[in-house]
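Novice: To start, I am sharing the structure in question, which I have written as structure tokens.
Every number here is computed from the coordinates shown, using simple stated rules; none is lab data. What you see is a predicted model; the values in this text were computed from it and never measured. Ideal geometry is used to build each Cβ from the backbone, glycine not excepted, and the neighbour counts take in all protein chains shown.
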Amino acid sequence: MTDVAKKAGAPPFAASHGRCLVAVLALLAVLTGCSGAGSFIGGKGKSQEAIRVTPADRAEDVRADGRVAVEVPDGRLESVRVRRIEDAQEQEVPGRIAEDGHSWAPAKGARLGLAAKYSVDAVAVDGGGHRAARHTTFTTAVPQDRFIGYFKPENRSTVGTGMIVSFEFNRPVTRRAAVERAIRVTADPPVAVAGHWFGRSRLDFRPEEYWQPGTEVTVDIGLADVEGAPGVYGSQRKTVRFTVGREQISRVDSAAHTMEVRRDGELVSTVPVTAGSPTTTTYNGKMVVSEMHEVTRMDGRTVGFGGEYDIKDVPHAIRLTKSGTFLHGNYWSDDSVFGSTNVSHGCIGLRDVQGGSGSTPAGWFFDRTLIGDVVEVVNSPDKTVAPDNGLGGWNLDWAKWRAGSALT
């Protein structure tokens, strides 16, 4: 887990040697062949899910009394966490894993909230000790005459200096000025903050430059009864506060195969990496950490790569874009690629071990990262990441950012 109190001392590895996942398909085949019957890695068709989650990933309009379940056809569930997210305060849905380890269900009487977004994070282990992870989200029903904004960051969180306040509305907003005027973002110490619309369903806020460390940010959401579209009214009235922590900006040089990690302007370490291969390059530009997972599944089919890869236990996964760019641990490639060769499907890979370790480059970086930290990629042959791909708004200058406000 992240820990802002940890020292940012030099990591226990040498830095001078040395859209996702490393394209070492032959090694993946070896991994598959090494697994025994009934494991998560081998012996099953690609359509078989190691972890089955109900409701389906990205399901919408789920009833408050709808079924929520996590099941594994083989192995045992190790952990399950179901949370209400992107709201004023993160709330966990109580539940338990069955004695046989094959399923999880909510506690008796537990109900979902209406107009809410939930995440499901589950980890299972098979008889051979192989782990599989699953991360899904779903949203519950919102009355037809109402709209709601799901937002980042979470209330009372401590974030990096690149955090962008981002609202995703469940219905298109046509009266954008009224909605933008109803959301007020203020800072202490004071700094000018402006909104920027990406289409009709997303509104982001940021200052001209990265937040100063120690800034206290307040988001007053006064959408209740605001008409966002003809006959459709907001339902939220709440206040969200978060704190800006230390500054950490990491610069990935795709050509040099390195990542320079700077804390409050000082170079902490230069980490060897592998970036996107010549045929699946990594985006250039400034990207902001939006999610962090100790372990997660990465399936090439979800980002347009067909069946080229499906790794169910990727350690130390840090999301950088909505389209699927991650900075993550890699245990399946030879150590020689880190710092010397770009072989991934567009992600940034750091050396790791299966199951993850705090003593590897990936684990060291994960333990010192906050939601809202900035990772900037340079010298890649790819284009600059789009400003609406994840929290990519820092790739617009201040004039262009302000031009996207409905109040100017």
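Novice: Shape call for the chain from the C-alpha gyration tensor, a ≥ b ≥ c root eigenvalues: rounded (a/c under 1.5), prolate (a/b greater than b/c) or oblate? Display every interim value, and only then the final one.
Specialist: Working: a/c = 1.84, a/b = 1.17, b/c = 1.57.
Since a/c reaches 1.5 but b/c is at least a/b, the shape of the chain is classed as oblate.
Novice: Taking neighbour counts of Cβ atoms within 10 Å as a proxy for exposure, in what order, fewest first, do S119, S250, S269 appear? Don't skip to the end; give the middle numbers.
Specialist: On the way: S119 16, S250 25, S269 21.
Fewest to most other Cβ atoms nearby, the residues stand as S119, S269, S250.
Novice: Nearest 20 debye, what's the magnitude of the dipole of the chain about its Cα centre given +1 on Lys and Arg Cβ and -1 on Asp and Glu Cβ?
Specialist: Roughly 800 debye for the chain.
Novice: Something else now. State the Cα centre-to-centre distance between segment 230-250 and segment 340-408 in whole Å.
Specialist: 21 Å
Novice: Under the rule a/c < 1.5 gives rounded, and otherwise a/b versus b/c splits prolate from oblate, where does segment 209-309 land using the Cα gyration tensor? Present the calculation step by step, with values, prior to reporting the outcome.
Specialist: Details: a/c = 2.92, a/b = 1.42, b/c = 2.06.
In terms of gyration-tensor shape, oblate.
Novice: How far is the Cα center of segment 140-159 from the Cα center of segment 75-131, in Å?
Specialist: Centre-to-centre (Cα) distance: 20 Å.
Novice: Further question on the same structure: Spin-label point model (7 Å from Cα, Cβ direction): what's the Q212 to S340 distance in nm?
Specialist: 4.7 nm
Novice: With both bridge residues required to lie in the chain, what share of the DSSP beta bridges run antiparallel, to the nearest 5%? Intermediate values should be presented prior to the final figure.
Specialist: On the way: 84 of 102 bridges.
Once the DSSP bridges in the chain are tallied, antiparallel ones form about 80 percent.
Novice: Right, another one. How far is it, in nm, from the label point at D65 to the one at E78 when both lie 7 Å from their Cα along the line to the Cβ?
Specialist: If labels sit at D65 and E78, their model points lie 3.7 nm apart.
Novice: OK, next. Give a residue-ordered list of calculated ³J(HN,Hα) values for segment 323-330 (Karplus: 6.51 cos²θ - 1.76 cosθ + 1.60, θ = phi - 60°; whole Hz; x for Gly, Pro).
Specialist: Running phi through 6.51 cos²θ - 1.76 cosθ + 1.60 with θ = phi - 60° gives 6, x, 7, 10, 9, 8, x, 9 Hz.
Novice: Can you list the residues of segment 316-341 with backbone N under 12 Å from a point 7 Å past the Cα of R202, pointing along Cα to Cβ?
Specialist: Residues passing the 12 Å test: 321-324.
Novice: Between D367 and A192, how many nm apart are label points set 7 Å from Cα along the C-beta direction?
Specialist: Simple spin-label model gives 4.3 nm for this pair.
Novice: List K400, K322, K108 from most exposed to least, where exposure is judged by having the fewest other Cβ atoms within 10 Å. It would help to have the intermediate numbers written out before the result.
Specialist: Numbers: K400 12, K322 15, K108 8.
The order, fewest Cβ neighbours first, is K108, K400, K322.
Novice: Now, a different point. Taking the mean number of other Cβ atoms within 10 Å as a proxy for protection, how do you rank 129-137, 75-83 from highest to lowest? List each step's numbers first, then the result.
Specialist: Values: 129-137: 20.0, 75-83: 18.0.
Order by mean packing, descending: 129-137, 75-83.
Novice: Near Y210, within a Cβ-to-Cβ distance under 15 Å, what is the net charge of the other residues, with Lys and Arg +1 and Asp and Glu -1? Please list the in-between numbers first.
Specialist: Working: positive: R206, R246, R251, R262, R263, K286; negative: D204, E208, E209, E247, D264, D373, E376, D397.
Once all neighbours under 15 Å are counted, the net charge is -2.
Novice: Right, next: Hey, can you grab everything whose amide H is under 5 Å from the amide H of Q354? Only 5+ residues off in sequence or another chain; H modelled, so Pro and N-termini drop out.
Specialist: When sequence neighbours closer than 5 places are left aside, there are no close amide H contacts.
Novice: Given the peptides 213-219, 339-345, arrange them by the average over their residues of other C-beta atoms within 10 Å, most packed first.
Specialist: On the way: 213-219: 16.4, 339-345: 21.4.
Going from most to least packed, we get 339-345, 213-219.
Novice: Sticking with this one: Considering Cα pairs under 8 angstrom that are at least six residues apart, work out the relative contact order of segment 163-227 and quote it in whole percent.
Specialist: Computed value for segment 163-227: 44 percent relative contact order.
Novice: Given the rule -39500 (n - 2.57) for each run of at least 4 DSSP H residues, summed and divided by the residues of the chain, what is its mean residue ellipticity at 222 nm, to the nearest 500 deg cm²/dmol?
Specialist: Values: 4 runs with 28 residues, N = 408.
Taking each H run of at least 4 residues, the total per residue is -1500 deg cm²/dmol.
Novice: With an 8 Å cut-off on Cα pairs and a minimum separation of 6 or more residues, tell me the relative contact order of segment 326-369 in percent. Show your work: numbers first, answer last.
Specialist: Details: 49 pairs, mean separation 17.6, N = 44.
Worked out over segment 326-369, it gives 40 percent.
Novice: Right, here's the next one. Once phi is turned into ³J(HN,Hα) by the Karplus curve 6.51 cos²θ - 1.76 cosθ + 1.60 with θ = phi - 60°, what whole-Hz value does each residue of segment 387-399 show in order, with x for glycine and proline?
Specialist: Karplus-based 3J(HN,Hα) across segment 387-399 equals x, 9, 8, x, 9, x, x, 5, 7, 9, 6, 4, 5 Hz.
Novice: Label segment 248-394 by shape, choosing from rounded, prolate and oblate, from the square roots a ≥ b ≥ c of the eigenvalues of the Cα gyration tensor; if a/c is under 1.5 it is rounded, and otherwise prolate applies when a/b is larger than b/c, oblate when it is not.
Specialist: Details: a/c = 1.25, a/b = 1.07, b/c = 1.17.
Here segment 248-394 falls in the rounded category.
Novice: Any chance you could tell me what percent of the C-alpha pair distances in segment 146-246 go past 24 Å?
Specialist: Details: 1035 of 5050 pairs.
So the pairs more than 24 Å apart make up 20 percent of the total in segment 146-246.
Novice: From the cross-link list K117/K322; K117/K238; K152/K322; K152/K383; K286/K322, which pairs have alpha carbons spaced over 21 Å apart? Please list the in-between numbers first.
Specialist: Details: K117/K322 17 Å; K117/K238 16 Å; K152/K322 13 Å; K152/K383 26 Å; K286/K322 13 Å.
Result: K152/K383 exceed 21 Å.
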